[in-house]
Amino acid sequence: MALSTIDWVIVGIFFTIVLGIGWVASRSAGKSTSEFFLGGRGMPWWLLGISMVACTFSADTPNLVTGMVREDGVVKNWAWWAFLITGMVTVFIYARLWRRSNVMTDLEFYEIRYGGKLASFLRGFRSLYLGILFNCLIMGSVTLAAIKIGGVMLGLTPVTVVVGASIVVVLYAALGGIKGVIWADFFQYGMAMLGAVMAAVVAIEQPEIGSLEALFNHPNVAGKLDIMPDFSDASVYIPLLIIPIAVQWWAVWYPGAEPGGGGYIAQRMLSAKDEKNAIGATLLFNFAHYALRPWPWIIVALASLIIFPDLASIKAEFPNITDQYLGNDVAYPAMLTRLGPGWLGLVVASLIAAYMSTIGTHLNWGSSYVVNDFYKRFVNPEATEKQMVRMGRISTVVLMIISATFSLTFLEDATQAFDILLLSGAGTGLIYILRWFWWRINALTEIVAMVVATLMAVIMVLVVEDSAFEGQLLDPFTIKLLITVGVVTITWLLTTLSSQPENKETLRTFYRLTHPGGPGWKRVIEEAKAEGIEINQAEEGKAWEMPKQILLVFLGCIAIYSSLFCIGGIIYSDFSRAGILGVVAAVSTVFLFRILRTLRLSK
C-alpha cells in the first residue's frame, strides 16, 4: 500500500525531530565516555524510566504478542508477564547496589566482584559475546520485525527496509550517545503508544467487527480470551503459568529482565543521579512495561483472528511475503494496512519510533561493552577519552551492520528468536541474584555456567527434536527449558563448592563499595574483623533491610498485576472484577510508597 502526502509529512516530521535530538545531544556526548555512555551520571528517574520502557517497546514486540495470542490465546503472555517478579527484585534490591558500584558498564562489575585472570577473561569474553553476538541477535530479531512491517504495509524489499531503517538510528545514536538515545526515547515512546492505541481502535472499527462486544463474542476469538489458564488441565496451566512464575523469572537471563539487573537496564541505573532516581526509574519502567502497554497489542491480535483467521488468508492478501517471513506474528502489520490516510502515517511513524528506540539503546549498550570492556581494557589501555568516543561511534556502525545481516539470513519469526534467547540464558539467572549476597560465588562459577548454558541451548535447538517429547505432559520447549535449567544450575553449584573462592582482599573491597549485607557475607566480615580490618562500618548496628525489600517486591507485583488485570477487566466489560482489582492496586501502591520512604538511600 502507498502512503499519502499527509502520511509522508508525518513521517518526515518524525525523522526531523529525532535527528534534531541527536544533533543537540552530540554537543556534549563527545566530551567523554561518561557523557557518551552514561549521560554524565546525572539523569532523572522519569526520563530514564521512559527510556527503559521505550527500549523494550520494540518493533518486534507487537508482532511477538500477536503471535502468542493467535497461537495460544491471551494467557500465553505469561511467558513475559512472569518477568515482572524479576523487575520488582531489580527495583527494590539491585537498583541501589548497581548505583553504588559506580561502574561504567555492568561487565566492569566482574573485576570488582572477582579477581585475577579469570575475572579479566570473563569481562573480555562477555564484552564480545553479549556486546556483539547476543546483542546483534536481539537487534536482528527487531530488524526482522521491521522487514515484515515494511514488506506487508509498504511492499518494500528486506534490503530496502534494513538500509532505510538503519541510517537514521545509527546517525543519532552515534552522534548523541546515550543522551541522544534517552531523549529520543522520550519522544518516541509517546509516538509508539499513540500509534498502538490508534491501531487497536481502527481494528475494532473494521466492518467485520464493529465493536468490542462483537470482537469478544466472535467464535474465532472466544477461546482465546482467558487471562488465566485452565486449571483443570495440567498440560496447560503448568507451562503457561506455573513454570514462568516458579522457575523462569529467577532461572533465565533475558535482556531487559535480567535477574539482578544488568544490560541496558543496568546502564540506565548507572546513569541515574543517585540511588533514589535509580529506584524510581526502574519502578516507572515496570509499571509502564507490564500494566500500560499490552492491551492495545492484544486487541489487534484478537481482531486479526477475524480478519485473517489463518496464515493462508494472510498469504492470499499479501502474496509477496516469502515463506521465510510468513508466520502468525506477521498478522500485526497485516492489520495495520487497514488504516486510513493520516492515521497510517502516524502508526508507521510510531512503528519506526518503536524500532529506533530499541535499536538505539542496543547500539549504545553494545558499543559500551566493546569500548569500555574490550578496547580500553585489553587493546589500548592508554586510550584517551576522544579515542574511546571515536571507537564508540565506529562500533555503533559495525554493530548495526552485523545485526542487519542476522535479520536477512537465518531469523524467521519473533517467537523463534525469543525461544533461542531464553534457552541460551537458562540456568544462569540465579548466579546474577546470588553473586551480590553470597561470597562463595566466583569467576569460575560464571564461566562454567555460561559455557554449559550455551552448549545446552545448541543441543536443545539443533540436536534434540521436539518429537522426542511427544506425549509428555508438558510441551517440548518447556521440557527443554527445564532440562537446561537443571543441568546448568547443578553444574555451576558443584563448580562453586569445589573451587577456590575469590581472595580476601577482592571480597573485602567489593563489600566496602556496595554494602550488600546479609548472612551470605558474615564469614567475610568476621574474618576481616578478627584481623583488625573493618569493612562493615557503614552498616554497623543497622538492621538488614532485605525483609523490607522483599515485602516491597511482593507489594510491587500485587500493584502492577492488579493494574494490568484491572485494565483487562474494563476492556472485557467485567466492571466488578475491574473495581476490585483497582482497589487492590491502589491500596498496595499506598503501602508500597510508605515502606519505600523508610529505606536508607544515598543521595
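The values are calculated or read from the model by the stated rules, or taken from the named source; none is laboratory data. Computed from a prediction, not measured in an experiment: that's the story for all the values here. Cβ atoms come from the backbone with ideal geometry, glycine included; neighbour counts cover every protein chain shown.
Side notes on the structure shown:
- Set side by side, the residues Val584, Val590 differ, and just one is among the β-branched types (Val, Ile, Thr), surrounded by fewer than 13 Cβ atoms within 10 Å (Cβ to Cβ) and under 29 Å from the mean Cα position of the chain (by Cα), which is Val590.
- Flag for Gln500 being closer than 30 Å to Asn536 by Cα and surrounded by fewer than 19 Cβ atoms within 10 Å (Cβ to Cβ): yes
- Segment 56-85, residues that are part of a helix (DSSP H, G or I), of a type in the set (A, V, I, L, M, F, W, C), under 12 Å from the mean Cα position of the chain (by Cα) and under 29 Å from Phe308 (Cβ atoms): Trp80, Trp81
- Number of positions in segment 351-375 that are more than 25 Å from Ile167 (Cα to Cα) and either buried (at least 24 other Cβ atoms within 10 Å of the Cβ) or at pLDDT below 90 (or both): 1
- Of Ile483, Ile441, all but one fail to be in contact with a Leu (Cβ under 7 Å, 6 or more places away or on another chain), surrounded by 15 or more Cβ atoms within 10 Å (Cβ to Cβ) and either in contact (Cβ under 8 Å) with a residue 12 or more places away in the chain or hydrophobic (A, V, I, L, M, F, W, C) (or both); the exception is Ile441.
- Residue that is surrounded by the fewest Cβ atoms within 10 Å (Cβ to Cβ) [pool: residues in segment 559-581 that are aromatic (Phe, Trp, Tyr) and in contact (Cβ under 8 Å) with a residue 40 or more places away in the chain]: Tyr572
- Flag for Ala266 being surrounded by fewer than 23 Cβ atoms within 10 Å (Cβ to Cβ) and assigned to a helix (DSSP H, G or I): no
- Wholly enclosed helices (runs of 4 or more DSSP H) of segment 497-603 bearing at least 1 residues under 27 Å from Ile112 (Cα atoms) and out of contact with any helix residue (DSSP H, G or I) (no Cβ under 7 Å at 6 or more places or on another chain): 504-514, 522-530, 546-571
- Condition met for Ala196 (under 23 Å from Ala303 (Cα atoms), surrounded by 13 or more Cβ atoms within 10 Å (Cβ to Cβ) and without any contact (Cβ under 8 Å) to a residue 40 or more places away in the chain): no
- Taking the numbered list (1) within 25 Å of the chain's Cα centre (by Cα); (2) part of a loop (DSSP other than H, G, I, E, B) in turn, Ala291 passes all entries but (2).
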